[in-house]
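The values are calculated or read from the model by the stated rules, or taken from the named source; none is laboratory data. No experiment lies behind these values; they were computed from the predicted model shown. When we count neighbours, we look across all protein chains shown, and the Cβ atoms used for this are built from the backbone with ideal geometry, even at glycine. What goes into the accessible areas is simple: the full protein's heavy atoms, side chains included, and nothing from ligands, DNA or RNA. Shrake-Rupley method; radii C 1.70, N 1.55, O 1.52, S 1.80 Å.
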Amino acid sequence: QLDAKATVSYQMAELFKDIPSAISNTNFIAKSCNLEIQLGKEFLPDFPVEDKHSPSSYLVEKSNVGLQERMVKLYPDPSIRQSKMQEYQSRLDFELDVINGMGFPGYFLIVMEFIQWSKQNDIPVGPGRGSGAGSLVAYALKITDIDPLEFDLLFERFLNPERVSMPDFDIDFCTNGRDRVIKHVSDLYGHTAVSQIATFGTMAAKMVVNDVSRALNHPYMFGSQLSKLIPERPGIKLQEAINEVPALRMRMEDDPQVSEVIKHALKLEGTVRQVGKHAGGVLISPTTITDFTPIYKESENSPPVSQFDKNDVEAAGLVKFDFLGLKTMTVIDGAMKLVRKNQLKNMPNLSLEDIDINIPEIYDLIREGNTTGIFQLESAGMKSLIHRLEPKNFEEIIALVALFRPGPLDSGMVDTYINCKKGIEKVRYPDPSLEPILALVFMEQLPH
């Protein structure tokens with residue numbers, strides 16, 4: 001009696017008895033392959049630093065120089081700047097200790113380089129968003145343009161030794177310049193060391209029913225009518241739809257063709273349907289990218305794409321950098337160029353940093369719902385929330401974006417927030433010690 005392995009070998013030998021070399025070649029190829037994948041460790045490319053520096057010491061030097069430049073702009077009055085300096089320096093030193101202690105100076109230096117290159121080459125870059133905006137080191141390196149101390153932003157949300165994870169900056173580039181930035185990174189680190197990341201589109205309930213119906217040569221309307229019986233709910237499974245929708249069950253029972261489609265669809269649901277590219281993810285390898293992940297190309301001249309998805313490339317040790325193309329940056333850049341070209345208000349060198357975010361007329365326009373084209377403020381649902389909340393300053397815009405999420409919207413938190421803001425409800429804190437943390441600017445005059 002043959003064991004399982006011997007049985008397979010026997011069957012293969014029978015199948016290929018007319019080409020015995022196919023068996024020997026297969027064994028030769030298998031014995032020639034040797035691959036070891038080290039998991040759980042990050043592999044960053046080496047950032048070029050001067051001989052006298054290590055990445056850690058270079059990060060410290062660049063951050064301190066950058067902080068001095070930022071402070072001159074933030075506080076032109078030397079006496080005020082001097083009084084503020086200790087607070088900023090202490091925060092900077094704390095962040096640098098964490099970054100270097102966790103082994104991530106190279107990540108910050110790599111991001112700093114391609115962002116500064118973009119700005120020097122007239123490619124608009126966003127001011128920063130997400131938890132990365134809470135880093136003073138990022139602000140000093142001009143990765144972000146938001147002073148985290150002014151808005152009480154926490155660095156620990158971005159990087160925390162008690163929750164070890166890679167830092168991850170979400171970086172917005174003008175859609176017209178994004179590809180130039182990726183090309184620059186490829187030129188700097190090597191074209192064989194840079195790739196984009198694959199995504200795998202899987203067959204969801206509606207799609208798999210349509211695809212199976214088409215594969216079985218049924219008319220288009222046959223599959224379309226079946227898929228319309230599946231509820232419009234994100235993530236719904238085909239078996240759930242069968243259990244929930246009597247009409248779908250009846251059609252399966254009454255029509256053998258429907259039953260056959262559903263039978264095959266249940267087997268295929270969740271399998272990969274097509275390969276795509278991650279919207280912004282770019283990999284930079286310390287060596288050739290194929291040392292860490294297989295790659296493919298859509299055509300001979302197209303950029304390489306990993307055959308691992310986002311989670312697998314990170315497990316293999318590669319670090320993902322987000323190069324997001326944002327049309328809003330393109331629109332803003334075009335508007336600024338028109339202003340400078342026409343020298344409106346005699347400002348030929350106007351930059352975004354020169355615009356005061358505390359101008360009341362800005363918030364008048366926002367409260368009127370004139371937010372079409374403004375990133376994260378232009379949807380119909382957001383305009384409705386703006387109408388209810390009536391933001392009057394930048395802090396309230398921050399609250400607006402934070403509240404427009406499924407959790408706050410579904411929990412009633414938005415109504416409580418708006419009522420407290422308008423004085424309809426009394427502001428209550430679970431514990432008095434939380435008041436200095438949770439208190440909001442517009443609530444300072446409200447009854448507590």
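Looking at region 127-145, which of the residues that are outside any helix (DSSP H, G or I) and modelled with pLDDT under 90 is surrounded by the fewest Cβ atoms within 10 Å (Cβ to Cβ)? Before the answer, list the steps.
Within region 127-145, the subset outside any helix (DSSP H, G or I) is 127-129, 135, 141-145.
If we keep only those that are modelled with pLDDT under 90 too, we end up with 127-129.
Values: Pro127: 14, Gly128: 22, Arg129: 18.
Step by step, filter region 127-145, then rank; the result is Pro127.
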Inset, instruction - With the condition kept exactly as written, say whether any residue in region 249-257 is closer than 30 Å to Val212 by Cβ, of a type in the set (A, V, I, L, M, F, W, C) and either within 27 Å of the chain's Cα centre (by Cα) or at pLDDT 90 or above (or both). - result: yes
Inset, instruction - Select, from Val49, Val98, the only residue that is assigned to a loop (DSSP other than H, G, I, E, B), touching a residue at least 24 places away in the same chain (Cβ under 8 Å) and either buried (at least 17 other Cβ atoms within 10 Å of the Cβ) or basic (Lys, Arg) (or both). - result: Val49
Inset, instruction - Have a look at Tyr75, Tyr58 and point out the one that is modelled with pLDDT of 85 or more and touching an Asp or Glu at 6+ places or on another chain (Cβ under 9 Å). - result: Tyr58
Inset, instruction - Would you please list the contacts, defined by Cβ atoms under 6 Å and residues six or more apart or on different chains, that run from a residue in region 166-186 that is more than 14 Å from Met329 (Cβ to Cβ) to a residue that is among the hydrophobic types (A, V, I, L, M, F, W, C) and part of a helix (DSSP H, G or I)? - result: Phe169/Val111; His184/Trp117; Val185/Phe114
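Which one is farthest from the chain's Cα centre (by Cα) among residues in region 365-382 that are within 17 Å of Ala399 (Cα to Cα) and in a helix (DSSP H, G or I)? Explain how you work it out, then say what you get.
Pass one, region 365-382, residues within 17 Å of Ala399 (Cα to Cα): 366-367, 369, 371, 374-379, 381-382.
Right, trim to in a helix (DSSP H, G or I) and you get 366-367, 381-382.
On the way: Ile366: 26, Arg367: 29, Gly381: 22, Met382: 21 Å.
That would be Arg367.
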Inset, instruction - Return the total of residues in region 314-328 being assigned to a loop (DSSP other than H, G, I, E, B) and charged (D, E, K, R). - result: 0
Legend entry - Among (1) loosely packed, with under 12 Cβ neighbours inside 10 Å; (2) without any contact (Cβ under 8 Å) to a residue 24 or more places away in the chain - the single one Val272 does not satisfy: (2)
Inset, instruction - Quick one: Pro161 ticks every box in (1) at pLDDT below 90; (2) closer than 30 Å to Val72 by Cα except a single one, so which number is it? - result: (2)
Inset, instruction - Output the number of residues of region 424-448 satisfying the condition of being within 21 Å of Ile397 (Cα to Cα), more than 37 Å from the chain's Cα centre (by Cα) and either at pLDDT 80 or above or part of a helix (DSSP H, G or I) (or both). - result: 1
Inset, instruction - From the list Ile284, Ile262, pick out the single residue that is farther than 30 Å from Asp211 by Cα, crowded, with 19+ Cβ neighbours inside 10 Å, at pLDDT 90 or above and among the β-branched types (Val, Ile, Thr). - result: Ile284
Legend entry - Residue that is within 22 Å of Leu154 (Cα to Cα) and either open to solvent by less than 100 Å² (accessible area, probe 1.4 Å) or not aliphatic (A, V, I, L, M) (or both), where the choices are Lys84, Lys17: Lys84
Inset, instruction - With the condition kept exactly as written, say whether any residue in region 329-349 is open to solvent by less than 70 Å² (accessible area, probe 1.4 Å), of a type in the set (S, T, N, Q), under 20 Å from Arg129 (Cα atoms) and assigned to a helix (DSSP H, G or I). - result: yes
